[in-house]
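J.: Sending over a structure as structure tokens; questions will come in a sec.
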Amino acid sequence: MPMNLLLVVFTLLLNGCSHEPLYQSQSYVFGTLVDISIYGESEPRARELANHVQQEFQRLHDSLHAWKEGSDLTRLNAAFAQGETPVPVSPELAQIIQDATTLSTRSNELFNPAIGNLIKLWGFQRDEYSPVNIDADAINALVKQAPRMSGIVIEHGTAYSKNPTVRLDLGGYAKGYALDKAAAYLRQQGVKNALINIGGNIIALGQHGDHPWRVGIQHPRQPGPIAMLDLPDGWAIGTSGDYQRYFELDGKRYCHIIDPRTGYPAQGTQAVTILVPPAANAGTLSDVASKPIFISNAGDKAQAAQMMGITNYMVIDAQGKIFVSAEMRRRLQWPEKIMPKEKHVRLENLP
């Protein structure tokens, strides 16, 4: 199974600064590795809290799965395909759809969870990825039919779609939403210090002893980190990359991030990493807001970041050149092998 671990977590060695316990729990949910670290709680309590979070992640995974038969999302998608007959929708799923619609509109629909049929057509609604026959006619037809989140109507506890080609795929939203739910729960339970990592979307609570939590940003073409940074209390980090869910055909790489404007996988970018300051939806934004930046053309990436309210971001283009916003540059720590010229280029200088 593919491991969408876009960020490598580095646990700090406290060198005797603190003797508080660190509990770590791992599982595989949302098609990726999940790691929960809780610092400063007794092992039995930390285990109980982590188990609750993991169970909630599994519930969300089962409910929001885009192609698993019987999930809440697949049942809703089947109803959308049948026409404008309202069907019951849970309050949670209704709220998720409404929030995703707001974020889609904010992104000028570059973030568009309604294009599940395109994602399926490219073979990314399955557990293993292999080359597909590219059906240009089918792709163009779906693009012309313009499935959008704004086509979904939610009222009186029901939902329907005015466009039968709308097929929801919340793969670019669900992990971030789960992060926010987990962080809120742990805070409600009095946990002061924790780090929650869902396949590279990470949110920090407090710190690790006398030091902030530290994370490393995965190099998109080499093992190990391309840079590291400290993640303060309440901040979230997320990466969109072309190096985990992809296939190659005739020497060309096709990743799972589809450009809704063309119907084809986005090209020209290896990875985008963003930082989101503390907010009730910091985790959600860490998942969502990197997509419009990734999909945007080179000259539009700064504008896409601004549109999503993101000031801390790093882009690695198809040639491996690194572009970093001024705010992000102050936070990053670079291995010696990264050239100084590359690490100090500002994103706004993209051609």
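J.: Binned at 10 Å from 0, what are the whole-percent values of the Cα-Cα distance distribution for segment 247-342, short to long?
T.: For segment 247-342, the pair-distance distribution reads 15, 45, 31, 9, 0.
J.: Need one number: convex hull volume per residue for the chain, Cα atoms only, in Å³.
T.: Output value, Cα hull per residue: 134 Å³.
J.: If you keep only loop residues by DSSP, which GluC sites (Glu not before Pro) in segment 66-134 have at most 10 other Cβ atoms within 10 Å of their Cβ?
T.: Here the sparse-neighbourhood loop sites are Glu69, Glu128.
J.: With +1 on the Cβ of every Lys and Arg and -1 on the Cβ of every Asp and Glu, and nothing else charged, how large is the dipole of the chain about its Cα centre, in debye rounded to the nearest 20?
T.: 640 debye
J.: Amide H to amide H, which residues 5 or more places from Ile226 or on other chains are under 5 Å from it, using H placed in the peptide plane?
T.: Placed amide hydrogens put Ile217, Gln218, His219 under 5 Å from Ile226.
J.: Residue separation times 0.36 nm, minus the C-alpha to C-alpha distance between Glu20 and Gln303: what's the value?
T.: 97.5 nm
J.: Which of Lys68/Lys192; Lys252/Lys321; Lys120/Lys181; Lys120/Lys144 have a Cα-Cα distance over 26 Å?
T.: Lys68/Lys192; Lys120/Lys181
J.: How big is segment 102-195 by the Kirkwood estimate over distinct Cα pairs, in Å?
T.: When all Cα pairs of segment 102-195 are included, the Kirkwood radius is 15.8 Å.
J.: Now for a separate question. Over the Cα atoms of segment 175-266, Rg to Rh with Kirkwood Rh, two decimal places?
T.: 1.09
J.: Less than 14 Å Cβ to Cβ from Ala282, Lys/Arg counted +1 and Asp/Glu -1: what total charge do the surrounding residues give?
T.: Taking every Cβ under 14 Å from that of Ala282, the sum is -1.
Rule-based calculations on the coordinates, nothing more; no lab input. From a predicted model like this one, the values you see are computed outputs, not experimental measurements. Reconstructed Cβ throughout: ideal geometry from the backbone, glycine too, with neighbour counts over all protein chains shown.
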